[in-house]
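Reading through the structure tokens given below for one structure.
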Amino acid sequence: MQHIILCGGSGTRLWPLSNRHTPKQLLPLFEGRSLLQLTYLRNSAACSGVMAIASEQQADVIAEQLLDAGASARRIAEPVGRNTAAAIALAAFIAEPEEVLLITPSDHLIGTPDIYEATIASARQLAEAGYLVTIGLRPAYPETGYGYIHYDGHDVIRFVEKPDAANAVRMLESGDYLWNSGIFCSKASVMLDELKQYAPEIYAASQRAAEELVRTGRISLAAMEAIPSNSIDYAVMEKSHRVKVVPSTMQWSDVGSYEALTEALMERYQYSNQQAVFIESNPRNSMVIGKEKLVALVGVDNMVVVDTPGALLIMQKGKGQEIKQLHNWVKENRPELL
């Protein structure tokens with residue numbers, strides 16, 4: 001089984017800590033390791049090789065981080081991103097047809113290793129039987145920011161868009177829905193067969209780009225831009241009749257907000273605010289990230305303070321979704337800070 005790591009994503013909800021040069025998956029926040037390195041390490045025992053799909057701008061640093069973690073990874077450097085369907089298609093064309101591909105994002109944090117390993121083993125078994133497999137997570141709360149999977153056993157009834165609050169509660173209470181993790185497993189040939197059937201333009205353009213990569217060692221901008229941009233969910237998973245799901249209770253986070261990052265650091269990695277002092281404040285309720293100066297919190301709780309060379313963020317916990325609005329403001333008014 002080959003591990004395909006999708007290394008896209010800019011982590012805009014973690015600005016200014018995460019930026020276009022150092023997105024969240026490359027930040028060494030977890031006992032000196034990045035989310036990318038943790039992603040490789042937790043799959044290294046189950047997989048015989050690893051391939052990273054990354055932008056040209058980040059390909060070298062991604063290769064260096066993987067090498068530091070012990071992986072000599074193949075890589076596909078994209079001159080421009082064309083979403084997950086293109087990235088997965090390129091990996092599938094490069095791989096051997098009967099090779100099982102374990103396709104994961106690079107920026108998720110997963111605990112409970114025993115449950116994770118059992119989940120991946122089940123997915124591999126279904127993939128070897130000729131299915132496209134997705135991993136579904138039993139929802140812990142009525143999240144409105146994730147897609148859902150309506151399921152019965154290993155059968156997928158339908159994929160569900162991000163729901164409103166009322167529907168998220170209803171789906172949680174029903175017990176018939178899973179969060180869509182964005183982790184997939186299939187043979188390369190099966191993935192390409194389904195792409196050819198349901199997304200023929202992506203299939204054909206990706207094939208040409210993959211052939212160019214094999215022939216010249218790189219993908220030209222023109223070849224990459226010729227691939228229609230679409231997610232693998234929309235392009236294939238929601239249309240294919242060969243999809244199965246493996247429900248899992250593994251501990252999982254997409255670390256998609258400062259609240260999620262705070263929980264991950266404090267609960268899993270014994271995070272300590274060594275560069276902060278708390279006066280009449282509870283250090284367990286706030287997070288301070290920054291090494292350049294001492295940060296003092298006096299009489300305030302539930303705060304996130306991020307001190308970077310270019311910007312200082314002070315945020316009340318619970319307002320993490322508003323970072324997108326802040327990011328848009330910075331993009332329009334101070335783009336050099338991104």
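The values are calculated or read from the model by the stated rules, or taken from the named source; none is laboratory data. If you're wondering where the values come from, they're calculated on a predicted model, not measured in any experiment. Positions of Cβ are backbone-derived with ideal geometry, glycine not excepted, and every protein chain shown enters the neighbour counts. Just so you know, the surface numbers come from the protein's heavy atoms only, side chains and all, with ligands and any DNA or RNA stripped out. Shrake-Rupley method; radii C 1.70, N 1.55, O 1.52, S 1.80 Å.
Determine ³J(HN,Hα), in whole Hz, for all residues of the stretch 192-209 in sequence, where each value follows from phi through the Karplus function 6.51 cos²θ - 1.76 cosθ + 1.60 and θ = phi - 60°; x replaces Gly and Pro.
Values, residue by residue: 5, 4, 6, 4, 4, 6, 9, 9, x, 5, 5, 4, 5, 5, 5, 4, 5, 5 Hz.
For Glu64, project a label point 7 Å along Cα to C-beta. Then give me every residue of the stretch 17-47 with its amide nitrogen under 15 Å of that point.
Answer for the stretch 17-47: 21-23, 26-28, 34, 37.
Treating the angle as unsigned and between 0 and 90°, give the value, to the nearest 10°, between the Cα long axis of helix 83-94 and the longest Cα principal axis of the chain.
Compared with the principal axis, the helix lies near 50 degrees.
Amide H to amide H under 5 Å from Phe30: which residues, 5+ apart in sequence or cross-chain, H placed 1.01 Å off N in plane?
HN-HN under 5 Å from Phe30: empty list.
Looking at (i) 1.10; (ii) 0.93; (iii) 1.02, which value of Cα Rg over 2.2 N^0.38 Å comes from a calculation on the structure shown?
Identified label for the calculated read-out: (iii).
Using a probe radius of 1.4 Å on heavy atoms only, what accessible surface per residue do you get for the stretch 272-337? Whole Å² is fine.
Solvent-accessible surface per residue comes out at 66 Å².
Would you mind putting 246-259, 60-73 in packing order, based on average other-beta-carbon counts within 10 Å, highest first?
Highest mean packing first, the order is 246-259, 60-73.
Apply the Karplus curve 6.51 cos²θ - 1.76 cosθ + 1.60, θ = phi - 60°, to the phi angles in the stretch 178-190 and return the couplings in whole Hz, x for Gly and Pro.
10, 6, 7, 7, x, 9, 10, 8, 6, 5, 4, 5, 5
Name the residues whose placed amide hydrogens come within less than 5 Å of the amide hydrogen of Ile289, ignoring near sequence neighbours (fewer than 5 apart) on the same chain.
Under 5 Å from the amide H of Ile289: Val305, Val306, Asp307.
State the percentage of accessible surface on the stretch 1-105 attributable to carbon and sulfur atoms; use a 1.4 Å probe and exclude ligands, DNA and RNA.
Of all accessible area on the stretch 1-105, carbon and sulfur atoms account for 47 percent.
Which pairs in the list Lys196/Lys244; Lys162/Lys324; Lys162/Lys196; Lys291/Lys317; Lys24/Lys291; Lys24/Lys324 are over 24 Å apart, alpha-carbon to alpha-carbon?
Lys162/Lys196
Net charge around Met171, counting only other residues with Cβ within less than 12 Å of its Cβ (Lys, Arg = +1; Asp, Glu = -1)?
Spelling it out: positives minus negatives among the neighbours equals -1.
The stretch 277-312 to the stretch 118-146: how many Å between their Cα centroids?
38 Å
Please compute the modelled spin-label separation between Trp329 and Ala166, points set 7 Å along Cα→Cβ, answer in nm with one decimal.
The modelled label-to-label distance comes out at 3.2 nm.
Run through the DSSP bridge list for the chain and note the antiparallel percent, rounded to the nearest 5.
45 percent
Heavy atoms only, probe 1.4 Å: what % of the accessible area of the stretch 272-337 goes to carbon and sulfur, would you let me know?
Accessible surface attributable to carbon and sulfur in the stretch 272-337 totals 49 percent.
Mind jotting down the distance between the C-alpha centroids of the stretch 1-55 and the stretch 73-105, whole Å?
Cα centres, the stretch 73-105 to the stretch 1-55: 15 Å.
Nearest 20 debye, what's the magnitude of the dipole of the chain about its Cα centre given +1 on Lys and Arg Cβ and -1 on Asp and Glu Cβ?
So the dipole magnitude of the chain works out to roughly 300 debye.
Go through the stretch 279-338 and name the trypsin sites (Lys or Arg not before Pro) that are in a DSSP coil and have 15 or fewer other Cβ atoms within 10 Å of their Cβ.
Arg284, Lys291, Lys293, Lys319
Name the residue, out of Gln25, Gln325, Gln37, whose mean-square fluctuation peaks in a Gaussian network model built on the chain with Cα pairs under 10 Å.
Fluctuation is largest for Gln325.
Pairs of Cα atoms under 8 Å, at least six residues apart: use those to get the relative contact order of the chain, whole percent.
It rounds to 20 percent for the chain.
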